[in-house]
Amino acid sequence: MTGPCRIHLLLCLAGLWFLAFGDGAAGAAEKPNIVVLLCDDLGYGDLSCFAHPKIRTPHLDKLAAEGVKLTHCYSSAPVCSPSRAGLLTGRVPNRLGIRDWIPANSGIYLRPSEVTVAQLLKDAGYRTCHAGKWHLNSKTDGSERTPGEAGFDHWLYTQNNAAPSHLDPTNFIRNGKPAGKLEGPSSRIVVAEAIQFLEGNKDRPFFLNLWFHEPHEPVAAAEEFLKLYPREDNPDRRHYYGDVSQMDAAVGKLLKYLDDHELRDNTFVFFSSDNGPETLKRYKGAERSYGSPGPLRGMKLHITEAGYRVPGIVRWPGHTRPGSVSTEPVCNVDLLPTLCAIARVRLPERNLDGADITPIFDGKPVKRPHPLYWQYDFAISRPWVVSLRDGPWKLLADAELDRFELYNLVDDVGESKNLAEKHPERVKQMAAAMKRLHEEIAAEGAKSGNPGPRQPKK
């Protein structure tokens, strides 16, 4: 090949590379849109497609039929704030000094030093929107990190729960200013905000982070969803079931918008919950949540499976096989590395606990930096407050890391058969890995800037 021809060929190849991977408009057009849908206190067994016998969730059932159902999906904590911190940062929340739900005015919040997936995507050209619950700051006066400061171009949020209930809430803040009373169910408000955002941003790659309040207590469903359960005599149970259907209907509106505007095929959708179903009688007038842990042991605030094993669904046309099921363990700390992988964004240089889960779409295992780890010092499941999952094996430990239980979750989903005495070498191996992680995470959490942990009640 002559010199001029060789130069011409190299220029052509360079042009093709730029179109595929460059930072220009053509490269940006190839980036997938991203939608993260997160419920509050939705149990592992609360969806029809996860075997609930009564609750109707037709839109999420359809999403699962069009994508992959994750039956070993986890949040990063058995309680709200830490789980959300893990999702946004890809890090075990104890590293961040966020060890429990954040009370108002406590001075605990997501520190500016923590890099979020929203910041990374925004820097890569994505338009970003957060709508719904936040619960990653304790003050809403701007003195602590807001969604806007965490990488979101547009944001509508509540510090914690919708008030006075899921219906007609009055405590949303939009881009730093009180939004006033908003009419309708909270989930519908969240999706309407997202759709309005898309109206001006759907021609660019976008990241929607929608964190629903439903079905957190106190439960409150609109009449149109209560009508779905006329035979439920217990009003709290009826409202709980209605709340889940209310959220499902809002998801359906968003998915219809994606379909109507031909956005489905280039959109990665992830659905899950922040932790398992509520257990405590903390709310007057809504004395009990009726969330289902399915076959799992425990509920919210437990370090056993139902505390943080949650329903998971992913739909990404052309990548996920419709109607498939994955039993590979995945966790919400995996979202940051996964979304960076599909958006071709460089990972931040820091300790990450999550991993890219896209291999599961081809039936392959996830390559992790270390086993999945959880710590919740205030667990109802005491003495068990720390756990580790490695393949099918799960190790439970007490606060001193000197008492253990071992379970094979593939053979024993309900954690009913302690195998520690039968497999002492496996206990020894997993305990060593747990202790190493425990020390590393505690040291980093002590430097986070958040107040140290309060003492758990005996």
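The values are calculated or read from the model by the stated rules, or taken from the named source; none is laboratory data. Computed from a predicted structure; not experimentally measured. We place every Cβ from the backbone using ideal geometry, glycine too, and count neighbours over all the protein chains shown. Accessible surface is based on the protein model in full, side chains and every heavy atom, while ligands, DNA and RNA are left aside. Shrake-Rupley method; radii C 1.70, N 1.55, O 1.52, S 1.80 Å.
Would you be able to tell me the number of residues in the range 207-220 that are outside any loop (DSSP other than H, G, I, E, B) and either open to solvent by 10 Å² or more (accessible area, probe 1.4 Å) or touching a helix residue (DSSP H, G or I) at 6+ places or on another chain (Cβ under 6 Å) (or both)?
So the count comes out to 3.
Just to confirm my filter: which strands (runs of 3 or more DSSP E) fall fully inside the range 349-431 and include at least 1 residues that are under 25 Å from residue 80 (Cα atoms)?
It comes to 372-375, 386-390, 393-397.
Considering every residue within the range 351-360, establish whether at least one is in contact with a strand residue (DSSP E or B) (Cβ under 7 Å, 6 or more places away or on another chain), over 30 Å from residue 102 (Cβ atoms) and touching a residue at least 60 places away in the same chain (Cβ under 8 Å). Looking through the range 351-360, at least one residue is in contact with a strand residue (DSSP E or B) (Cβ under 7 Å, 6 or more places away or on another chain), over 30 Å from residue 102 (Cβ atoms) and touching a residue at least 60 places away in the same chain (Cβ under 8 Å).
Among 232, 223, 199, which is the only one that is surrounded by fewer than 21 Cβ atoms within 10 Å (Cβ to Cβ) and touching a helix residue (DSSP H, G or I) at 6+ places or on another chain (Cβ under 6 Å)?
232
Residue 341 meets each of the listed conditions (1) out of contact with any Phe, Trp or Tyr (no Cβ under 9 Å at 6 or more places or on another chain); (2) in a loop (DSSP other than H, G, I, E, B); (3) modelled with pLDDT of 95 or more; (4) surrounded by fewer than 22 Cβ atoms within 10 Å (Cβ to Cβ) apart from (2).
Just one of the listed residues (28, 65) is modelled with pLDDT under 95 and in contact with a Gly (Cβ under 6 Å, 6 or more places away or on another chain), namely 28. Residue 31 meets the conditions (1) farther than 21 Å from residue 277 by Cα; (2) open to solvent by less than 10 Å² (accessible area, probe 1.4 Å) in every case but one. The failed one is (2). Residues of the range 375-419 that are acidic (Asp, Glu) and within 23 Å of residue 91 (Cβ to Cβ): 377, 390.
Conditions (1) touching a Ser or Thr at 6+ places or on another chain (Cβ under 9 Å); (2) among the hydrophobic types (A, V, I, L, M, F, W, C); (3) in contact (Cβ under 8 Å) with a residue 40 or more places away in the chain, marked per residue:
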position	(1), (2), (3)
268	yes, yes, yes
275	yes, no, yes
292	no, no, yes
304	yes, no, yes
312	yes, no, yes
319	yes, no, yes
332	yes, no, yes
338	yes, no, no
345	no, yes, yes
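Being modelled with pLDDT of 95 or more, over 19 Å from residue 371 (Cα atoms) and surrounded by 13 or more Cβ atoms within 10 Å (Cβ to Cβ) holds for only one residue in 418, 408, and it is 418. In the set 204, 188, only one residue is open to solvent by 30 Å² or more (accessible area, probe 1.4 Å), at pLDDT 95 or above and part of a loop (DSSP other than H, G, I, E, B); that residue is 204. Residues that are closer than 19 Å to residue 211 by Cα and over 17 Å from the mean Cα position of the chain (by Cα) within the range 138-150 comprise 138, 139, 140, 145, 146, 148, 149, listed in sequence order. When the range 116-139 is limited to residues that are part of a helix (DSSP H, G or I) and open to solvent by less than 10 Å² (accessible area, probe 1.4 Å), the one that is nearest to residue 342 (Cα to Cα) turns out to be 121.
Out of all the residues in the range 42-65, is one or more of a type in the set (A, V, I, L, M, F, W, C), touching a His at 6+ places or on another chain (Cβ under 6 Å) and either within 21 Å of residue 375 (Cα to Cα) or open to solvent by less than 20 Å² (accessible area, probe 1.4 Å) (or both)? Taking every residue of the range 42-65 in turn, none turns out to be of a type in the set (A, V, I, L, M, F, W, C), touching a His at 6+ places or on another chain (Cβ under 6 Å) and either within 21 Å of residue 375 (Cα to Cα) or open to solvent by less than 20 Å² (accessible area, probe 1.4 Å) (or both).
Only one of the numbered conditions (1) modelled with pLDDT under 95; (2) aromatic (Phe, Trp, Tyr); (3) buried (at least 18 other Cβ atoms within 10 Å of the Cβ) is not met by residue 308, and that is (1).
In the range 357-389, the qualifying residues are those that are touching a helix residue (DSSP H, G or I) at 6+ places or on another chain (Cβ under 6 Å) and under 17 Å from residue 276 (Cα atoms), and the one that is surrounded by the most Cβ atoms within 10 Å (Cβ to Cβ) is 375.
Looking at the structure I just gave you, is residue 194 farther than 19 Å from residue 292 by Cβ and surrounded by fewer than 21 Cβ atoms within 10 Å (Cβ to Cβ)? Spelling it out, it is not the case that residue 194 is farther than 19 Å from residue 292 by Cβ and surrounded by fewer than 21 Cβ atoms within 10 Å (Cβ to Cβ). A Cβ distance below 6 Å, combined with a sequence gap of six or more or placement on separate chains, defines the contacts here; from the range 435-446, residues that are more than 9 Å from residue 95 (Cβ to Cβ) and hydrophobic (A, V, I, L, M, F, W, C) reach no residue that is assigned to a helix (DSSP H, G or I) and at pLDDT 95 or above.
Looking across 106, 76, 113, one residue alone is open to solvent by 20 Å² or more (accessible area, probe 1.4 Å), out of contact with any Asp or Glu (no Cβ under 6 Å at 6 or more places or on another chain) and within 26 Å of residue 337 (Cβ to Cβ). It is 113.
Pairing each residue of the range 177-189 that is under 19 Å from residue 250 (Cα atoms) with any residue that is open to solvent by less than 30 Å² (accessible area, probe 1.4 Å) and among the polar types (S, T, N, Q), provided the two are 6+ apart or on different chains, yields C-beta distances under 8 Å for 185/246; 187/246; 188/246.
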